[in-house]
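The values are calculated or read from the model by the stated rules, or taken from the named source; none is laboratory data. Nothing here was measured: the structure is a model prediction, and the numbers come from that model. Here the Cβ is made from the backbone with ideal geometry for all residues, glycine too, and neighbour counts use every protein chain on show. With ligands, DNA and RNA removed, areas are computed over all heavy atoms of the protein, side chains included. Shrake-Rupley method; radii C 1.70, N 1.55, O 1.52, S 1.80 Å.
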Amino acid sequence: MAMLASGSDSEADSEAFSDAELQEAFARGVLKPGLNVELEAPKRRQNDVAGLGQCLAEFRKDLPWLERLDVTVGPAPELPAQQTPVEPGAVDPGAVDPEDDFRREMTFYRQAQAAVLAVLPRLHQHQIPTKRPQDYFAEMAKSDQQMQKIRQKLQTKQAAMEKSEKAKQLRALRKYGKKVQTEVLQKRQREKSQMMTAIKKYQKGFSDKLDFLEGDGRSLSRGEKEGAKAQQMKKGPSAKRRYKNQKFGFGGRKKGSKRNTRESYDDVSSFRARTAHGKGPQKMGKKLSNKRPGKRAREKMKNRAR
């Protein structure tokens, strides 16, 4: 308890001391009303020319130009067709707008072209070849094993693409084959139904032609059907009509058709006297005698023969 009491007393003293210091500072006018923030002093920027020169002398190396190959040139002159018109009142006619991507890239290209034109004579002067010889062999950036792996991967990818393409073709051919097969089956079914219809018409007498037995399967157009119908009308009635005419007559009144008329009464061409008076080989109302003997008579005839 004593230790706790001593700790609390020290904290109270420090707080009281800090409050006393603040009151003194406020009395001196150092503190002002509001938020007080400690400000850092501004950094002084120094242009140490001597130090920069010393650093440059330390890492500078006086190498020949062939080791450095550095050149400082401006951009090559533009062609007359590529020159852009200069706006009146422009401060620097050769300035390039950094927002114009095409003009900026063309400036880089022209500067590189000017550097090549300036360096090539100096290289020729130092007898340094600038063109690649015919038998030049450069080392590959990647090893043969890596290139072999890439080649195998490309071959595998190409084989997979060919396999997929072949599978697509097979599926298309299979679909086409199924379609053709379905069309053939439907055509056969239609031909069969047409033949059965023609057979039924022939059986019922609606038609007397047997062209459906040839099996040509050619469907007649409307004009051909009308022409066939007109030809049939020219020939005469159909087989069914002829059969009905033969069986039932040619139409007209049927009631009383068997009664005698004056013409039928006077017509005696079909009269037969022998048949009418019973003088023929067979009398009316009598049956012919059975020439075969009876059973008992046959048995007697058998006994006599024994």
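Consider region 248-290. How many of its residues are assigned to a helix (DSSP H, G or I) and at pLDDT 75 or above?
Adding up the residues that qualify gives 6.
For residues in region 91-102 being under 16 Å from G74 (Cβ atoms) and not aliphatic (A, V, I, L, M), which is least open to solvent (accessible area, probe 1.4 Å)?
So the residue we want is G94.
Restricting attention to region 49-67, and to residues there that are surrounded by fewer than 10 Cβ atoms within 10 Å (Cβ to Cβ) and of a type outside the set (A, V, I, L, M, F, W, C), which single residue is nearest to I128 (Cα to Cα)?
E67
Scan region 258-273 and report the pairs whose first residue is surrounded by 10 or more Cβ atoms within 10 Å (Cβ to Cβ) and whose second residue is modelled with pLDDT of 85 or more and hydrophobic (A, V, I, L, M, F, W, C), with Cβ atoms within less than 7 Å and a gap of 6+ or a chain change.
Sorted first by the residue in region 258-273, then by its partner, the list stays empty.
Going by the conditions given, is E162 over 30 Å from V71 (Cα atoms) and in contact (Cβ under 8 Å) with a residue 24 or more places away in the chain?
It is false that E162 is over 30 Å from V71 (Cα atoms) and in contact (Cβ under 8 Å) with a residue 24 or more places away in the chain.
Answer with yes or no whether Y136 is among the hydroxyl-bearing types (S, T, Y), in a loop (DSSP other than H, G, I, E, B) and out of contact with any helix residue (DSSP H, G or I) (no Cβ under 9 Å at 6 or more places or on another chain).
yes
Which pairs turn up if I take residues in region 179-208 that are touching a residue at least 12 places away in the same chain (Cβ under 8 Å) and look for partners that are β-branched (V, I, T) and open to solvent by less than 70 Å² (accessible area, probe 1.4 Å) with beta carbon separation below 7 Å, at least 6 apart in sequence or on another chain?
none
How many of the residues in region 103-147 are among the hydroxyl-bearing types (S, T, Y) and under 25 Å from V73 (Cβ atoms)?
So the count comes out to 3.
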